[in-house]
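Just so it is clear, none of the values below were taken in a lab; they were calculated from the coordinates. Quick caveat, the model's predicted, so the values are computed rather than measured. Counting neighbours? That spans all protein chains shown, and the Cβs are built from the backbone with ideal geometry, glycine included.
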Amino acid sequence: MKKNNILVMLLLLCFLLTLVFAQTQTPTKTQPPKRQATIFILHVLTFDSLSKTNLEKDLKALDDTFRMGIPIYHPAIGLNLSFYTKLHQKGLPYPSMINRILKNLVAPLSSSNLPEKTGINIVLYTQDDKDLYNGKTLFLNFALSAVKEYAKTKDLNKFGAQIIAFLETEKLEYKNGVFSSKNYDFEWILKL
């Protein structure tokens, strides 16, 4: 009788230990297969014609040394446009060139099939052959939706308020259609 009770107790103990052990084990998870990454190198279908037409001709009238880089679109950083020119106004980009760049971009950007949330990044670099470190860079950033809205409403002040502009590392102040700098002798009146 005692042997049977001991045997039953041992069986119950083994059963309980098996249950406890089974509860503490985590199920093994299989890793889902990794997807291949898509690398966007260049997407310029919308802007192929732009680089060789009005914008380039229009700005050549301002500066014979003007060069436009290839437009590059990347889904993470938006559409990037770069412009290079020689020095003017003590190495600073001159406002008439900025205005012409923006004016020429309004139509193609507003009719483009780029995603609505695309950010537009413009870099205007003035270079000096004699002194490499004397060049200045102007950075502009705005949303594609701001351009499309301007194309419909023609509200220049609202469009200007949506542009983020940096001259070198200084953010330019915007007020009533005028971008100004505290550190540079630079004033840009937005005119499109």
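Distance between the modelled labels on Glu116 and Asp128, one decimal in nanometres: 4.6 nm (7 Å Cα→Cβ projection).
Here the peptides 94-104, 147-157 are ranked by packing, the mean other Cβ count within 10 Å, and the order with the highest first is 94-104, 147-157. Each label point was placed 7 Å from the Cα along the Cα-to-Cβ direction; for Glu173 and Lys158 their separation is 2.6 nm. Net charge of the neighbourhood of Asn99, taken over other residues with C-beta under 14 Å away and scored Lys/Arg +1, Asp/Glu -1, is 0. For segment 50-191, pairs of C-alpha atoms spaced more than 28 angstrom apart make up 14 percent of the total. Computed from backbone phi with θ = phi - 60° and the Karplus coefficients 6.51, -1.76 and 1.60, the 3J(HN,Hα) list for segment 104-120 is 6, 8, 4, 5, x, 5, 5, 9, 6, 9, 5, x, 4, 8, 4, x, 9 Hz; x is used for glycine and proline. Modelled this way, with points 7 Å down the Cα-to-C-beta line, the labels at Asn99 and His74 are 3.4 nm from one another. Treating r as the C-beta distance of Ala107 and Lys29 and R0 as 30 Å, the FRET efficiency rounds to 0.05. Computed over neighbours whose Cβ is under 13 Å from that of Thr169, the net charge equals +1, Lys and Arg +1, Asp and Glu -1.
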